[in-house]
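Visitor: There's a structure below that I have some questions on.
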Amino acid sequence: CWAQITALQFNYGIRNYRLHTVSHCDCDARFRRCLLAINDTVSNIIGITFFNLLEVPCFVLEESEECVQWHWWGGCERYGVVPLARMVQQSQYHPSL
């Protein structure tokens, strides 16, 4: 996945306090589609565990204007647009039986 926040890492303006990596929602959607396409016992166990039991969230990136360069004395010297993560609770996994 091109955008991740690993366990206990600070990235995209938030800290991931979980003990597992959190991925961009596009990546988790692709993972879900892959599991649903396989649709066997193992893929369904993985999907139910990941999405329903562990309830692993994902994040979307939203642009925000923030300070990107600070003066030595602490004031902001230059503002710019940066990507900030917003956590999203994912929907339940429902295998197609």
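Visitor: Any residue at all in the range 83-96 that is surrounded by fewer than 12 Cβ atoms within 10 Å (Cβ to Cβ), free of Cβ contacts under 8 Å to residues at least 40 places away in the same chain and touching a Cys at 6+ places or on another chain (Cβ under 8 Å)?
Guide: no
Visitor: Right, next: Show the residue pairs meeting these rules: Cβ distance below 6 Å; 6+ apart or different chains; first residue within the range 21-45 and under 24 Å from LEU84 (Cβ atoms); second residue β-branched (Val, Ile, Thr) and part of a loop (DSSP other than H, G, I, E, B).
Guide: Every condition considered, the pairs that remain are THR21/THR6.
Visitor: Which members of the range 34-62 meet the condition of being outside any helix (DSSP H, G or I), of a type outside the set (A, V, I, L, M, F, W, C) and either surrounded by 15 or more Cβ atoms within 10 Å (Cβ to Cβ) or touching a Lys or Arg at 6+ places or on another chain (Cβ under 7 Å) (or both)?
Guide: Result: PRO57, GLU62.
Visitor: Tell me, yes or no, whether the range 58-67 has at least one residue that is aliphatic (A, V, I, L, M) and farther than 28 Å from ARG18 by Cβ.
Guide: No: the range 58-67 contains no residue that is aliphatic (A, V, I, L, M) and farther than 28 Å from ARG18 by Cβ.
Visitor: Then there's this: Considering every residue within the range 63-86, establish whether at least one is closer than 25 Å to TRP2 by Cα, in contact with a strand residue (DSSP E or B) (Cβ under 6 Å, 6 or more places away or on another chain) and not in a strand (DSSP E or B).
Guide: Within the range 63-86, none of the residues are closer than 25 Å to TRP2 by Cα, in contact with a strand residue (DSSP E or B) (Cβ under 6 Å, 6 or more places away or on another chain) and not in a strand (DSSP E or B).
Visitor: Only one of (1) surrounded by 13 or more Cβ atoms within 10 Å (Cβ to Cβ); (2) among the aromatic types (Phe, Trp, Tyr); (3) part of a strand (DSSP E or B) is not met by PHE31, so which one is it?
Guide: Of everything listed in (1) surrounded by 13 or more Cβ atoms within 10 Å (Cβ to Cβ); (2) among the aromatic types (Phe, Trp, Tyr); (3) part of a strand (DSSP E or B), PHE31 misses just condition (3).
Visitor: Looking only at the range 36-44, decide whether some residue is hydroxyl-bearing (Ser, Thr, Tyr) and touching a strand residue (DSSP E or B) at 6+ places or on another chain (Cβ under 9 Å).
Guide: no
Each value in this text was obtained by applying a stated rule to the coordinates, not by laboratory testing. Fair warning: this is a prediction, and the values are worked out from it, not measured in the lab. Cβ coordinates were reconstructed from backbone atoms using ideal geometry, including for glycine residues, and neighbour counts include every protein chain displayed.
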